[in-house]
Amino acid sequence: MKKVLVTRKLLRSCEDKASKLFNSHFNSNDELYSQKKLIELSKGYDGILSSLTDKIDKNTIEKLPETIKIISNFAVGFGNIDIEAAKKRGIAVTNTPDVLTDATAEIAILLILGACRRANEGINWVKKENWKWSSDFLIGKQLTGSRLGILGMGRIGRAVAKIAKSFGMEIHYRNRSRLSPEIENGAKYHESIKSLFSVSDVLSICCPATKETKDIINKETLEYFPTGAIITNVARGDMIDDDAMVQALINRKIYAIGLDVYKGEPKINPEYLKQPTAFILPHLGSATKKTRTAMADLAIDNIDEFFRSGTCKNKVN
Ligand code: GLV
């Protein structure tokens, strides 16, 4: 039986499944392993089932034992792993696409609604118990008829588009390549981010974190948006220059933001907490029982497939 180090606690049924297939080491206290501890613990193991909280950088990869042949990331994103360094060492890296698309799109829509309809301010008022209804109390922005820009029209972006369309939003997008008319389904493609941002009453960031997308929302690009736009992010915090974003909220260039992901999370830029117009969640995109079970099962299946066939359809490097 292959030996697999599972870095974070999984749902019970998933750990049961892993136990049947591998000689597995589980993390019952759900401790966050340091890079040093991860390297130490992987001695004698054939594979690692990692999570997005494990920073498996070049230095860590170079120190992993020779026996490690696969890192199966329990996430669709894999920015936490240096996939090129892994490739050089002959370590396959896999991810869990598809299974979290709908759950993440739901959170993307929650962020859009929460930011547009001033949910954070509303919750704060309810807690104070002294709110007074009036015809202009907490007036927000309605989705019907507004333009939604989607940055990254992959699986999640397309799922967001589908739901947003049913709210009566007009869909615009920017993607590395234009989609076929059938998949576009009426969404308008933009050749540049400037063109996309300039028509985005609301933006939903759904693209992967790459060198090209790092800080794509910055002081300069924030100027491209219509004044009073709303920006939401369900992908990765890397895409946003937080200082520029906070400033844009303060000077009302940006009306509100909805964020589920942050640079350096769980430590987030403290300024976000001070902004009443920031509707913020703690990285809940895939957090449903159905989805987390499917993700862990797929991460396990990826390892199984890899050891049986020497490769895996969800290999990313
Ligand atoms: C969640 O953020 C994921 O990448 O799966």
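Things worth noting here:
- Compactness relative to 2.2 N^0.38 Å, alpha carbon Rg of the range 101-280: 0.99
- Choice from L203, L113, L11 showing the highest fluctuation, given a GNM over the chain with Cα pairs closer than 10 Å: L11
- Stretching the chain fully between K132 and E182 yields a gain of 13.2 nm (0.36 nm per residue, less the alpha carbon separation).
- Comparing A287, I163, A105 along the charge dipole axis of the chain, the residue lying farthest to the positive side is A287, per the Cβ-charge model.
- Given charges at beta-carbon only (K, R positive; D, E negative), |dipole| of the range 101-280 in Debye: 160 debye
- Beta bridges per DSSP with both ends in the chain, % antiparallel, nearest 5: 5 percent
- Rounded tilt (10° steps) of 119-128 against the dominant C-alpha axis of the chain: 80 degrees
- Computed label-point distance, nm, for sites I163 and N218 using a 7 Å Cα→Cβ extension: 3.1 nm
- Across the cross-link table entries K3/K267; K165/K263; K87/K263; K20/K88; K63/K263; K58/K267, which are compared at the Cα atoms, the separations over 28 Å belong to K3/K267; K165/K263; K20/K88.
- Zone residues, the range 279-296, relative to N124, backbone N less than 18 Å from point 7 Å out along Cα-to-Cβ: 279-282
- Comparing the chain with the 2.2 N^0.38 Å rule of thumb, its C-alpha radius of gyration ratio is 1.07 (two decimals).
- The spread of Cα positions in the range 1-110, taken along each principal axis and listed from longest to shortest, comes to 43, 31, 23 Å.
- Amide H contacts of M169 (H built 1.01 Å from N, under 5 Å, at least 5 apart or other chain): G145
- Once backbone amide H atoms are built at 1.01 Å from N, C207 has no partners under 5 Å, excluding neighbours fewer than 5 places away on the same chain.
- Ranking I81, N269, F26 by how far each Cα lies toward the positive end of the dipole of the chain (charges on Cβ) leaves F26 at the top.
Laboratory data are not the source of any read-out in this text; all were calculated from the coordinates shown. Keep in mind the model is a prediction, meaning the values are calculated, not measured. With ideal geometry, Cβ positions are generated from the backbone for all residues, glycine too; neighbour counts draw on all protein chains shown.
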